[in-house]
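Heads up: the structure comes next, in structure tokens.
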Amino acid sequence: MEMMALWEILISASFWAAAIRIASPLIFATLGELLCERAGVLNLGIEGIMVMGAFTGWFAVYLGLPLWGGVAVAFASGMVFGLLHATLTVPFGLSQHVVGLGVTLLATATAYFAYRLALPQVTSPPRIDPFQPLPVPILSDIPFFGPALFTQTALTYAAFGLALVVGVVLYRTPLGLAVRAVGENPAAAAAQGLSVTGLRMGAVVVGSGFMAVGGAFLTLSAFSSFFFDMVNGRGWICIALVVFGAWRPGKAVLGAVLFAAFDAGQVRLQQTELGAVLPYQLFLALPFILSIVALVIMSRRAEVPAALMVPYNKGER
Amino acid sequence: MRLEAIPNPSSLRRYGFPALAIVATVLVASVLSWVAGAEPFATLGLIVKGATGSRLAILETLNRATPLIFTGLAVAVAFRAKLWNIGAEAQLYAGAVMTVVIGTSAWGVVWLQLPLMALGAVAAGALVLLGPVLLKTRFGVDEVVTTLLFNFVMLLFVSWLVEGPLKDPMGMGWPKSTPVDRDLRLPRMVEGLRLHWGFGLALIAAVLVWLMQARTVLGYEIRAVGQNARAARFAGIPVNSVLVKTALLSGGLAALAGFSEVAGLKGHLTRDLSPGFGYTGIIVAMLALLHPLGVVVAALFVAGIFVGADSMSRAAGVPTYLADILLAVALLFMVLALGLSRYRVVWK
């Protein structure tokens, strides 16, 4: 009986459409984190930067900017906090754990402070007109795959496009080679005449921008409003997804979709007989438990960037 | 630019930079209250007054500091060994759950049951951190992510408990646990003052942790592992077993925050028992420079800011989130100050 229910969920196009939708913000933020880590910097600011992006993107659109303007504002706000993180961790070489958590606390508190300041005494946050599904001509007419993959919002297509761009830049351009080099062996990269500080800071700043866009997806494409706690641990899950994806953009996207499929699945399973028997909290905890399990399985054979979390200081060896 | 280590930093350097960090934080807070349309110095004055201005305010600050001393100690102990326990929130709730479970079962032997509630809480908290640490020592899984993710699992577990097995049948349908028996609450420290023995317990814990770190072999080993795990292993220190011991201690300390909140203040368990005490413990520990006695001072400071910001917000209309910004800024400035007190910046 349960197996039938599960099977029916798996063959429905709406389920896969939901999975792709849920995966989108994770893809943005995971790619951002991946970029930071490939350059050698663990960015625990991700959770707070996503909150910041969710707020600034939504607020910009609420003030009258077009949707893509909101995305740009979110990206910029992420870069600001990325710059803060990068300044403290790269040239000053401070603890990436503590700075990252500090940035998360600061970005979250600042977003909430600004929200309360801008909209005092509102009980339900104002809504904006979010991104609408944009069927791709011809492709969206394909049975099953059309409604599942090609009837998404523009921001979802952008997420997958970004994965392609990040992959190409990292593996097919001199810039990408340089970024990977400072994450693997900064001393050797510096001997080649590369600026370790510049490359690492650049990767963190741009990566943080992507994280903020991931947050903005929640307000601009998914929920059309800003709520407290709406990011709800997604940033931490993205850090697990980077490990799961073995620091490769393609595998990370695959991981995000797989994870999102579980998430979409647990929502649907709650509505079956299984949901009537088991507490709903178990279903909600599943994504977090799954992330921990994935970490354990993958950590044994993952190829961690050799200089991850190792600050580089010229003249110190 | 490049950093140059200073072999023996002067005490002006060692204490001057952290002092500067506090000054810089106050400046940021002033700017923010100005942005919010309030008089900067008046806002700061209101925060100080709200935290210390009356007997009631001071008691409130002490009560708020109690769980922060425990979580601050938990983080300080772990960070000293470079064990990144970001899961104090989950360990706090594990302690609170155990306190309720033992405290609501009828035994009739009060003098035995109250200490057992505390011990049970410690065991539960230690167990919660044991998992991530074993994953770290056995499989090399980063404990930052596992402890962070587990916070969410724990909170959902608590949510289930207070709606299901532990739910108060007399609670008018609210998701809260059956209250701990009146006889099993922590007594007040001074008759007539609303301050429970959880605060005294926290002070004792701080002194004990300080003695452990300064006077015992384990304290020495924890420091050695934190400074350089490879060198410590080379010197014959059993690094993994030191990490496990540190974890048990850290998890147990965080759980005592849950115990004291339930047995000392609230009496029952709810989903919002902790407004992030576990995460704030990280700020407390860093502001204290990871020193156990410093944790007490830092916890009082942080608690004062929260309590003061609450009353300031009512009076001046500046959002209470000012307190959270202030503390995050203080944390970042303090880390920077610590770096600058040990390194000299060379521009070239």
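Nearest 500 deg cm²/dmol is fine: what mean residue ellipticity at 222 nm does chain B get from its DSSP H runs of n ≥ 4 alone, each adding -39,500 (n - 2.57), divided by its residue count?
Dividing the helical sum by the residues of chain B leaves -24000 deg cm²/dmol.
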Among A:Arg300, A:Arg172, A:Arg268, residue whose mean-square fluctuation peaks in a GNM of chain A (springs only between Cα atoms under 10 Å): A:Arg300
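Arranged from highest to lowest average of other beta-carbon atoms within 10 Å per residue, in what order do the peptides B:100-107, B:248-255 appear?
Details: B:100-107: 18.0, B:248-255: 29.8.
Listed from highest to lowest mean packing, they are B:248-255, B:100-107.
Counting partner chain Cβ atoms within 10 Å of every residue's Cβ in B:221-231, what's the average? Kindly include the intermediate steps, with their values, before the conclusion.
Working: counts 0, 0, 0, 0, 0, 0, 0, 0, 0, 0, 0.
Taking all residues of B:221-231 together, the mean is 0.
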Whole-Å distance, taken between Cα centres, linking region B:191-217 and region B:238-309: 12 Å
Helix axis angle, A:280-299 relative to chain A longest principal axis, alpha carbon, degrees: 40 degrees
Among B:Thr25, B:Ala5, B:Leu116 the positive-end extreme of the charge dipole of region B:1-132 (Cβ point charges): B:Ala5
Between helix A:249-269 and chain A: long-axis angle, C-alpha atoms, 0 to 90°, nearest 10: 30 degrees
Residues of region A:193-234 with amide N under 20 Å of the 7 Å Cα→Cβ point at B:Arg13: none
Highest-fluctuation residue, A:Leu278, A:Leu65, A:Leu170 considered, GNM on chain A with Cα pairs under 10 Å: A:Leu278
C-alpha long axis of helix A:96-118 to longest principal axis of chain A, angle in °: 50 degrees
Cα gyration tensor, the protein assembly as shown - rounded (a/c under 1.5), prolate or oblate: rounded
Whether region A:17-60 is rounded, prolate or oblate, judged on the alpha carbon gyration tensor where a/c under 1.5 counts as rounded: oblate
Alpha carbon centroid spacing (whole Å) that separates region A:106-153 from region A:24-94: 17 Å
Chain B: most fluctuating residue of B:Pro187, B:Pro292, B:Pro132 per GNM, C-alpha cutoff 10 Å: B:Pro187
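Considering every residue in A:285-293, what mean count of other chain Cβ atoms within 10 Å of its Cβ is obtained? The partial results should precede the final answer.
On the way: counts 10, 2, 3, 9, 5, 1, 6, 11, 0.
So the per-residue partner count for this stretch is 5.
Rounded, prolate or oblate, given the Cα gyration tensor of region B:67-294, with a/c below 1.5 counting as rounded?
On the way: a/c = 2.19, a/b = 1.59, b/c = 1.38.
Here region B:67-294 falls in the prolate category.
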Relative exposure of A:Glu33, A:Glu8, judged by other C-beta atoms within 10 Å (fewest first): A:Glu8, A:Glu33
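Please rank B:Met312, A:Met50, B:Met189, B:Met170, fewest neighbouring Cβ atoms within 10 Å first, as an exposure proxy.
Details: B:Met312 27, A:Met50 37, B:Met189 16, B:Met170 7.
So the residues, fewest neighbours to most, are B:Met170, B:Met189, B:Met312, A:Met50.
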Lys, Arg +1 and Asp, Glu -1 on Cβ, resulting dipole of region B:67-294 about Cα centre, debye, nearest 20: 520 debye
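Every number here is computed from the coordinates shown, using simple stated rules; none is lab data. Computed from a prediction, not measured in an experiment: that's the story for all the values here. Reconstructed Cβ throughout: ideal geometry from the backbone, glycine too, with neighbour counts over all protein chains shown.
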